[in-house]
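Structure first, commentary second.
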Amino acid sequence: MAFVAENGGGIFAVYKPAGFTSFDIVAKMRGILRTRRLGHGGTLDPMAEGVLPVFAGSAAKACDMLPDHDKAYRAGFRLGISTDTQDITGRIMSESPVNVSRETLESAAEGFKGQIMQIPPMYSAVSVNGKRLYELARQGVTVERKPRPVTVYSLDITDYDEETKSGTIELSCSKGTYIRTIIHDIGEALGCGGVMTSLLRTAACGFTLDDCVTLEELEKEAERDGDFKSMLTPVSKVFDFLPQVRLSEKQEKMYRNGIRLDIDRLDTDDKTASRLAVYGSGGRFLGTAVIMEEQKLLRVEKNFF
């Protein structure tokens, strides 16, 4: 039985195993769910594992308008080595002796908290002049990349072995932050280099590891009855941060027909907000809307029905 999305589709928090790209996971889920209407929230490198939100049915329309949710990671690292990919899978560019104590390491890491400027790695999906950086890197081409602002909310060295020069960091950060680049830059600051040896995303788009299902669990559910309801989260979850507007039956009918509604006549949490989550008369999530300030009208932004 093909996947049937109710209530505007939904989101699967999938545990992405290492060795797969995010696109691999979407491709596999198209086969499991027997639907092509899928998208994912936040690309993970093949070596990374952890939380990958997959948007199914009409919820896939939310992928291009996701709020800038913070993400959290647990990463392994090793000092004394630098690679072209900034992780352990890359070609070794240099090796250096290491004499770094935990105290020295933690002091260096302090400089990478808060808002920082980060240069995207060559092996990344960032586009420069219409070309993906990783495509150029595979051709042996290196181009200048402009530093971009990112925010690291927390960064903790949770484990460090001075003999092996290896350890683990846990951090939370804004969208677009490259963890391997943080490790690389800490290594550069220490004068010895550093690479990422593992990466686990522990939170993304409001989902954590506890919310995740595996591909194997999804496959078993497909073999049973293909219901998936217990594994599916309503798309409204990613818009929980927005104030709500609740429509009467008459207002909902007008809204569904594209009529702009007078915000002063609506039941809403905040009439001064620029965006709102819209709920129908039966409590069903309809989508998001924006308030036209001058006219005081509610206008459809994106519908999920």
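Being of a type in the set (Gly, Ala, Ser) and closer than 28 Å to THR208 by Cα holds for only one residue in SER236, SER281, and it is SER236.
Within region 161-175, the set of residues being surrounded by fewer than 19 Cβ atoms within 10 Å (Cβ to Cβ), more than 12 Å from ALA72 (Cα to Cα) and touching an Asp or Glu at 6+ places or on another chain (Cβ under 9 Å) comprises SER166, THR168.
Could you tell me whether ASP87 is within 21 Å of ARG180 (Cβ to Cβ), in contact with a Ser or Thr (Cβ under 8 Å, 6 or more places away or on another chain), of a type in the set (Asp, Glu) and buried (at least 19 other Cβ atoms within 10 Å of the Cβ)?
Details: within 21 Å of ARG180 (Cβ to Cβ): yes; in contact with a Ser or Thr (Cβ under 8 Å, 6 or more places away or on another chain): yes; of a type in the set (Asp, Glu): yes; buried (at least 19 other Cβ atoms within 10 Å of the Cβ): yes.
Against the criterion (within 21 Å of ARG180 (Cβ to Cβ), in contact with a Ser or Thr (Cβ under 8 Å, 6 or more places away or on another chain), of a type in the set (Asp, Glu) and buried (at least 19 other Cβ atoms within 10 Å of the Cβ)), ASP87 qualifies.
So that you can scan it fast, the table gives a plain yes or no per residue for (1) part of a helix (DSSP H, G or I); (2) of a type in the set (Val, Ile, Thr):
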residue: CYS192; (1), (2): no, no
residue: VAL195; (1), (2): no, yes
residue: SER198; (1), (2): no, no
residue: ARG201; (1), (2): no, no
residue: GLU217; (1), (2): yes, no
residue: LYS220; (1), (2): yes, no
residue: GLU223; (1), (2): yes, no
residue: ASP227; (1), (2): no, no
residue: SER236; (1), (2): yes, no
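Take the residues in region 198-238 that are out of contact with any helix residue (DSSP H, G or I) (no Cβ under 9 Å at 6 or more places or on another chain) and β-branched (Val, Ile, Thr), then tell me which one is nearest to ARG78 (Cα to Cα). Applying the filter and picking the extreme gives THR208.
Taking the condition of being of a type outside the set (Lys, Arg), closer than 15 Å to ARG299 by Cβ and outside any helix (DSSP H, G or I), how many residues in region 238-264 meet it? Here the count works out to 8. The numbered conditions (1) more than 18 Å from the chain's Cα centre (by Cα); (2) within 19 Å of LYS16 (Cβ to Cβ) are all true for ILE179 except (1).
Given the criteria assigned by TED's automatic domain parsing to the domain that holds ALA125, β-branched (Val, Ile, Thr) and not in a helix (DSSP H, G or I), does ILE182 qualify? So ILE182 fails the test.
Whenever a residue of region 203-229 is over 30 Å from SER154 (Cα atoms), its partners that are assigned to a helix (DSSP H, G or I) and of a type in the set (Val, Ile, Thr), lying with C-beta atoms within less than 8 angstrom and at least six residues away or across chains, give the pairs LEU215/ILE25; LEU215/ILE32; LEU218/ILE32; GLU219/ILE32; ALA222/ILE32. Only residues that are assigned to a loop (DSSP other than H, G, I, E, B) and either among the basic types (Lys, Arg) or in contact with a helix residue (DSSP H, G or I) (Cβ under 8 Å, 6 or more places away or on another chain) (or both) were counted across region 121-172, and they come to 12.
The values are calculated or read from the model by the stated rules, or taken from the named source; none is laboratory data. None of the values given here were measured: they were computed from a predicted structure. Neighbour counts run over all protein chains shown; Cβ positions are idealised from the backbone, glycine included.
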